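Novice: Please see the structure below; I have some questions.
The values are calculated or read from the model by the stated rules, or taken from the named source; none is laboratory data. Keep in mind the model is a prediction, meaning the values are calculated, not measured. All Cβ positions, even for glycine, are placed from backbone atoms using ideal geometry, and neighbour counts span all protein chains on display. What goes into the accessible areas is simple: the full protein's heavy atoms, side chains included, and nothing from ligands, DNA or RNA. Shrake-Rupley method; radii C 1.70, N 1.55, O 1.52, S 1.80 Å.
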Amino acid sequence: MTELGKRLREAREEKQISLDELQEMTKIQKRYLIGIEEGNYAIMPGNFYVRAFIRQYAEAVGLDPDELFEQYKQDIPQSYQEDIPQPLSRVKTRQQLSAEGTKWLDWLPKLIAAAFVIGVAVLVWVLLQHNTAGEPSTRTSPETAEVESSKNSPLEQAKEKQSAKESDEKAKDENAKGENEQSVTDDEKPTTPTAALNVTTKQGNTATIEVENASSFTVELSSKGASWVEVYNTKGHSFYRGNLTKGQTKTFDLSAESEVWVKIGRTLDVDVKVNGQPFAYPFAPQDEVYQKLRFILKK
């Protein structure tokens, strides 16, 4: 075992992360993780992957990969450029460009014809709209003129004002009544006690949190990067087990449970809310990247 492998393994064991958990967190095959710890780089696909896997391993256990590369550069292969997978060439040959140009020339007459047809249709529509706007919309019949004249009389105007005034007073009375009923309803509503979170024990990277007044208990996990996440109860039921990708959010209603475990592989990239409120990790994420949270619900 190399000095680098020994340090990585000690950091993993200090965080209480098994090789299986590390495999889920980094998506690196377990045999390659063992090869990194033992300094057996011959089993790797290439020197480029050696450095890439070491970087992922270090970040998962909370170590600075650049510092490790500098400190243990004698143990890590340096000449790895030839192993970098070459991207597909983006340079097109003249024949390809010529073929594409020919395709555009074939489509050009059709595009011009379609544009001409659309232009003619738009012109006809504009002319029709202009002619329609120039014609009178309605004609006033003698009966309509008589009704309009009666509406403009002083007596009709006075009746309309009185009717409008009564409508306004009625609307005001109904609004005042509604506000009074709403006030009474709000006063009669029972207040729901807010759940209190108390961290009772902290050991290693594991913390126990008691949730008092837990009439309801929801946990929301939002990922800003990529992280391994587990949510399960002590009865053997798993609510979720997998990777949260960047921008992904998972919400769990755990009100019916009495004890729940939430494991987060990379707390730097996951925001937690409990009952809709932001939850502060018991350990600083930069100090403990992988944290195990045990919630005990007290109804």
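Novice: How much FRET efficiency would the formula 1/(1 + (r/R0)^6) give for Ala280 and Ala42, where r is the Cβ-Cβ distance and R0 is 45 Å, rounded to 0.05?
Specialist: The pair Ala280/Ala42 has a calculated efficiency of 0.50.
Novice: How much area per residue is accessible in the stretch 190-279 when the probe is 1.4 Å and only protein heavy atoms are counted (Å²)?
Specialist: For the stretch 190-279, the solvent-accessible area averages 51 Å² per residue.
Novice: The stretch 48-78: which trypsin sites (Lys or Arg not before Pro) are DSSP loop and have at most 12 other beta-carbon atoms within 10 angstrom?
Specialist: Lys73
Novice: Further question: Could you order Met44, Met1 so the one with the most accessible surface comes first? Probe is 1.4 Å.
Specialist: My answer, sorted largest first, is Met1, Met44.
Novice: Heavy-atom accessible area of Tyr49 with all protein chains present, probe 1.4 Å, nearest 10 Å²?
Specialist: Spelled out: Tyr49, probe radius 1.4 Å, area about 80 Å².
Novice: Related question: Accessible area of the stretch 183-299 with a 1.4 Å probe: how many percent of it is carbon plus sulfur?
Specialist: Carbon-and-sulfur percentage of accessible area, whole number: 47.
Novice: Determine the order of Ser238, Ser227 by accessible area, beginning with the largest, at a probe radius of 1.4 Å.
Specialist: Of Ser238, Ser227, the descending order of accessible area is Ser238, Ser227.
Novice: Next question, about the same structure. Please sort 10-19, 206-215 by packing, taking for each peptide the average over its residues of neighbouring beta carbons within 10 angstrom, highest first.
Specialist: Taking the mean over residues of other Cβ atoms within 10 Å, the ranking is 206-215, 10-19.
Novice: Kindly give Rg over Rh for the stretch 8-80, based on alpha-carbon atoms, with the Kirkwood expression for the hydrodynamic radius.
Specialist: When Rh is taken as the Kirkwood radius, the ratio is 0.93.
Novice: Also, quick follow-up: Provide Val274, Val124 ordered by accessible surface of protein heavy atoms (probe 1.4 Å), highest first. Could the numbers behind the result be given before it?
Specialist: Details: Val274 10, Val124 75 Å².
These residues rank, largest area first, as Val124, Val274.
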